[in-house]
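The values are calculated or read from the model by the stated rules, or taken from the named source; none is laboratory data. What you see is a predicted model; the values in this text were computed from it and never measured. Heads up, the Cβs are rebuilt from the backbone with ideal geometry, glycines too, and the neighbour counts pull from every protein chain shown. Calculation scope for accessible area: heavy atoms of the full protein, side chains included, ligands and nucleic acids excluded. Shrake-Rupley method; radii C 1.70, N 1.55, O 1.52, S 1.80 Å.
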Amino acid sequence: MKPGTITTSSKRMSYDVIIIGGAVIGSASAWFLSTNPDFDGTVLVVERDPTYQWTSTATTNSCIRKQFSNAINVRISQFGVEFIKSFREQLGGDEAIPEIALDSYGYLFLAGNAQVAGTLRENQALQQACGVNTRIMTPEEIADAYPFYYLDDIVLGSHNTENEGYFDGNTMFEWWKRKARQNGVEYITNEVVGIGRAGKHVDSVRLKSGEVISAGKIINASGPRAAVTARMAGVELPVEARKRYTFVFDAQTRLDRDLPLTIDPTGVHVRNDGAYYLCGGPPDDDPAVEFDDFEFDHSVWEEKFWPAIATRIPAFEAVKVVHSWIGHYAYNVLDQNAVIGAHPEAMNFIFVNGFSGHGFQQSPAMGRGVSELVAYGEFRELDLSPLGYERILKNEPFLEKAVI
Ligand SMILES: Cc1cc2nc3c(=O)[nH]c(=O)nc-3n(C[C@H](O)[C@H](O)[C@H](O)COP(=O)(O)OP(=O)(O)OC[C@H]3O[C@@H](n4cnc5c(N)ncnc54)[C@H](O)[C@@H]3O)c2cc1C
């Protein structure tokens with residue numbers, strides 16, 4: 001078949017695994033499955049929009065950090081970095097496979113009060129125990145390293161410049177798709193509109209075009225729509241779509257050195273972006289939105305983002321927005337963390353959802369985790385079970401204090 005041809009019907013009527021959603025998480029799962037030596041089953045990926053235009057994946061800022069408060073999230077990112085840095089080798093070593101760029105200017109979390117400062121210190125101790133070189137910096141140390149910040153209201157910062165910053169996640173996604181296909185995974189353009197369930201098992205998906213396809217296991221990789229997909233099997237998932245804004249801007253006076261991904265106490269973040277700078281964050285009013293609601297409120301820039309960054313970095317008083325967009329987080333209302341694993345009442349229905357703002361960097365570990373669950377019925381390389389569905393049933397959040 002010619003590249004770019006859209007196929008809406010699958011070749012078979014039955015697959016060992018059907019993945020709902022073919023963006024970064026669905027394709028990571030597909031690729032890891034296709035290379036797992038202990039899995040030789042058939043895999044179908046059903047994707048409703050092959051342009052991926054409105055997905056979290058297409059609207060991401062694609063950064064990775066090891067500054068989390070929970071050891072599992074740190075280890076997930078450590079694997080992510082390892083994977084990114086050996087990408088070509090991981091994908092088989094073919095010279096045509098690009099190396100993935102990782103621009104390590106680091107994240108700089110700024111604490112505006114003693115409580116947040118205490119949290120950053122605790123996080124740094126945990127990160128250090130995991131082998132991450134995060135440094136706590138006094139305002140004087142920050143001023144020495146980065147003289148452009150206004151710091152009178154800052155108690156301290158935490159910063160790590162080792163393998164932390166922007167990475168080219170889009171290239172990773174494209175190659176996962178391509179290689180998964182080469183390894184025999186089938187992708188079709190269609191929409192799953194129903195899931196068949198008999199007791200504690202799901203057994204099929206119904207497509208918008210009418211076909212019903214049998215499945216040994218079903219993976220929910222449907223991003224902000226994950227709760228809709230879950231409901232098709234009679235299961236609730238506390239994930240909703242929430243708007244996140246990104247503004248790329250040019251500055252009349254460029255800073256004389258790299259700008260770390262700076263997380264301001266206002267919740268706005270700003271960083272280097274090639275010749276420009278990139279600023280992002282949530283609107284003040286942050287409700288769940290419809291999946292097709294990408295209406296842009298320009299006052300967010302004027303009233304929230306620009307004042308915040310121009311206060312923090314006075315050189316940004318004179319800037320010009322060159323590009324801006326809205327994306328949707330798949331926002332996990334319980335604790336803004338991944339949900340990975342089967343539902344206890346639908347044991348072959350595997351979730352990999354709810355990443356909120358850190359799903360891109362977690363995609364390698366999540367893809368590997370899904371492939372292990374399918375092949376072995378358990379996690380092998382890294383135990384992700386604290387991120388399982390059970391915590392939702394018990395209403396016990398997985399506490400992660402470093403959420404952006
Ligand atoms: C503005 C913004 C900035 C971000 N920045 C970062 C960052 O710096 N670092 C980071 O790690 N993460 C970041 N994220 C989060 C990250 O982008 C997401 O967590 C990640 O892309 C989630 O991928 P996904 O595959 O789960 O979801 P999506 O990319 O949304 O994909 C879900 C797919 O499922 C398909 N689908 C849904 N329902 C169906 C159905 N019924 N049938 C068939 N197909 C279906 C959709 O069409 C879509 O292609 C950011 C997100 C946003 C919005």
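Values as computed for the structure displayed
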| quantity | calculated |
| --- | --- |
| Accessible area per residue, Å², segment 37-80 with all protein chains present, probe 1.4 Å | 37 Å² |
| 1.4 Å probe accessible area per residue over segment 301-404, in Å² | 38 Å² |
| For segment 206-308, average projected area of the Cα convex hull in nm² | 10.3 nm² |
| Point-charge dipole on Cβ atoms (K/R +1, D/E -1) for segment 341-400, about Cα centre, debye to 20 | 120 debye |
| GluC sites (Glu not before Pro) within segment 162-261, DSSP loop, no more than 16 other Cβ atoms inside 10 Å | GLU162, GLU211, GLU236 |
| Probe 1.4 Å - accessible area at GLU390, Å² to nearest ten | 80 Å² |
| Surrounding net charge for ARG312, when Lys and Arg each add one and Asp and Glu each subtract one, Cβ distance under 10 Å | -2 |
| Sequence ranges 219-229, 333-343, 77-87, 127-137, ranked by mean other-Cβ count within 10 angstrom, highest first | 219-229, 333-343, 77-87, 127-137 |
| Spatial separation of Cα centroids for segment 121-171 and segment 249-274, in angstrom | 14 Å |
| Tail weight of P(r) past 16 Å, computed on alpha-carbon pairs of segment 72-198, percent | 72 percent |
| The chain: angle of helix 24-35 to the longest principal axis, Cα-based, in degrees nearest 10 | 50 degrees |
| Distance histogram for the chain (every C-alpha pair counted, 20 angstrom bins, percent rounded to whole numbers) | 27, 57, 16, 0 |
| Radius ratio Rg over Rh of segment 336-404, counting only Cα atoms, Kirkwood formula for Rh | 0.95 |
| The chain - percent of accessible surface contributed by carbon and sulfur, probe 1.4 Å | 48 percent |
| Qualifying GluC sites (Glu not before Pro) for segment 248-342 [loop in DSSP, other Cβ within 10 Å: at most 10] | GLU290, GLU295 |
| Counting DSSP beta bridges with both ends in the chain, the antiparallel % (nearest 5) | 70 percent |
| Accessible area expressed per residue, segment 82-213, with surrounding protein chains retained (probe 1.4 Å, Å²) | 47 Å² |
| Å³ per residue enclosed by the Cα convex hull of segment 1-127 | 173 Å³ |
| Rg ratio (alpha-carbon, reference 2.2 N^0.38 Å) - segment 158-253 | 1.54 |
| Kirkwood hydrodynamic radius of segment 255-404, Cα pairs, Å | 18.0 Å |
| Over the chain: helical MRE at 222 nm, DSSP H runs n ≥ 4 each giving -39500 (n - 2.57), nearest 500 | -8000 deg cm²/dmol |
| Segment 59-84 versus segment 332-386: alpha-carbon centroid distance in Å | 15 Å |
| Integer Hz, Karplus 6.51/-1.76/1.60 couplings in order for segment 89-103, x for Gly and Pro | 4, 4, 8, x, x, 4, 4, 5, 7, x, 7, 9, 6, 9, 9 |
| Assigned charges on the beta-carbon of Lys, Arg, Asp, Glu; the chain dipole about Cα centre (debye) | 1100 debye |
